[in-house]
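Since the structure comes first, as structure tokens, the remarks are kept for the end.
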Amino acid sequence: MDMEGEFKNFIMIWIIAAATMCYCHTIGKFIPHGKARLVAIFPPILILLLLPLRLISIYLGGPTSFFLGWLSTFKLILFALGKGPLSSNPPLPLSLFLPLSLLPIKLFQTQHQPNLSKTQNSHINLTSGKLLEKTDIDNLTPDNKDVSRNTENSQITEKGQKSTINYAYVTMVFVLALLIPLYPMKEILHPKFILFLYCLYMYIGLELIFGMIALLARKVHGLELEPQFNEPYLCTSLQDFWGRRWNLMVTRILHPTIYEPVVNASSRAIGRKWASVLAIVATFTVSGLMHELVYYYIKREKRTWGTWEPSWDSMCFFLLHGVCLAIEVAFKKALKGKWQLPRLVSWPLTVAFMFYTALWLFVPALVRCHVYEKGVRELNVIAELGKDFYGLLRSLCFHD
């Protein structure tokens with residue numbers, strides 16, 4: 001793979017994406033939210049969907065397709081309707097609009113930010129205060145009492161903030177270094193164990209990517225960001241896993257774009273109490289479709305538009321979890337909190353269900369996309385580039 005050309009395309013894509021968001025920010029000043037703004041923002045949405053086609057690598061193309069092709073496009077749809085993280089009163093300054101529109105981040109409410117002006121501080125307080133006023137997942141799954149102590153303790157507060165680089169990330173890097181040499185041995189290992197290793201590989205990779213983004217945002221903007229993962233291996237229910245522990249930005253972006261409209265549309269027919277159950281299934285259906293789109297981006301071998309041939313494994317995975325989560329929420333509504341499984345029982349059952357369904361449907365879809373083979377090849381290329389760079393530095397130092 002031509003990593004040099006890939007890096008150049010990567011930089012070009014993000015420059016174009018930033019310029020596109022500057023246009024959207026300007027549009028927001030002159031066109032009120034509604035149909036007119038939606039029409040004006042349609043071309044930027046199309047551009048964001050096309051930009052990831054210029055990348056074919058896993059480590060550059062994968063996150064880019066997820067950030068731009070999914071999250072940013074959904075944020076712009078909400079922005080056109082006057083909703084979501086990009087909409088506030090007063091409007092966000094461009095310095096905050098850009099990172100919020102392009103990256104999977106959510107601001108915490110803080111009293112002051114050291115690198116920003118007083119006016120920008122007021123924007124942060126107003127915006128992040130609004131975002132933290134109500135937890136989206138509590139609207140999605142109304143059992144507000146099922147908030148675990150681990151979730152509360154892991155939240156970043158004004159008194160004590162998590163360090164982006166901590167022992168957890170060091171451990172993940174160490175585990176990742178141990179996993180890579182096992183890949184050439186896959187012929188002698190059990191197929192299920194290989195899929196299990198793929199699960200660890202994916203989770204660690206996502207944690208590290210989001211951690212680097214948080215570190216970059218902290219250094220550039222002086223902002224503290226909410227972590228996207230919250231110890232998902234400690235989940236005690238599907239509601240706990242999908243709502244409070246796994247990729248929280250996706251939950252927050254799907255709630256106003258899919259969940260709320262479905263609830264509002266179906267409430268008159270079946271009542272708001274049970275409309276949420278239908279909305280959960282609809283939300284997971286859209287999530288499955290968007291995952292299929294991301295898989296299309298990352299499985300390509302050429303920087304061109306090709307035929308979309310979804311495998312539907314990922315779609316089935318999210319449909320299954322959507323139905324199971326809807327059943328779980330329905331039971332909790334019916335029981336009204338009078339009875340629930342003990343944590344010692346619910347935790348292993350939930351973790352076992354997550355792993356079994358992931359190994360059955362989710363990971364095989366990635367295997368068919370050749371994600372892991374491409375990832376290993378890219379790591380080898382990056383390692384060779386690192387050796388060449390180190391050799392160049394060493395020769396320059398020796399020459400001096």
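Taken together, the values in this text are just the output of simple stated rules run on the coordinates, not laboratory data. If you're wondering where the values come from, they're calculated on a predicted model, not measured in any experiment. Note: ideal-geometry Cβ built from the backbone for every residue, glycine included; neighbour counts use all protein chains shown.
Assorted remarks:
- In order along the range 362-377, phi translates into HN-Hα couplings of 6, 5, x, 5, 5, 4, 5, 7, 6, 5, 6, 4, 4, x, 5, 4 Hz, rounded to whole numbers, per the Karplus curve 6.51 cos²θ - 1.76 cosθ + 1.60 with θ = phi - 60° and x for Gly and Pro.
- Label sites at PHE193 and ASN89, each approximated as a point 7 angstrom past Cα along Cα to Cβ, lie 6.1 nm apart.
- Taking Cα centre as origin and charging only the Cβ of basic (Lys, Arg, +1) and acidic (Asp, Glu, -1) residues, the dipole magnitude of the range 238-369 rounds to 460 debye.
- On the beta carbon distance between ALA36 and MET212, with R0 = 51 Å, the FRET formula returns roughly 0.85.
- Between ILE16 and SER267, the FRET efficiency from the beta-carbon distance, with R0 = 41 Å, is close to 0.50.
- Extending 7 Å from Cα along the Cβ direction at GLU4 and again at ARG377 yields two label points whose distance is 1.9 nm.
- Backbone HN-Hα couplings from phi across the range 342-347 [Karplus 6.51/-1.76/1.60, Hz, Gly and Pro as x]: x, 4, 5, 9, 5, 5
- R0 of 30 Å, Cβ-Cβ distance LYS338-CYS316: FRET efficiency to nearest 0.05: 0.35
- Spatially, the range 80-100 and the range 327-386 are offset by 32 Å when compared through their Cα centroids.
- Restraint check, LYS75/LYS219; LYS29/LYS299; LYS8/LYS83; LYS192/LYS374; LYS219/LYS299, Cα-Cα greater than 27 Å: LYS29/LYS299; LYS8/LYS83; LYS219/LYS299
- With the convex hull constructed from alpha-carbon coordinates only, the range 238-369 shows a mean projected area of 9.4 nm² over all directions.
- Each of THR20, THR357 has some number of other Cβ atoms within 10 Å of its Cβ, and from fewest to most they run THR357, THR20.
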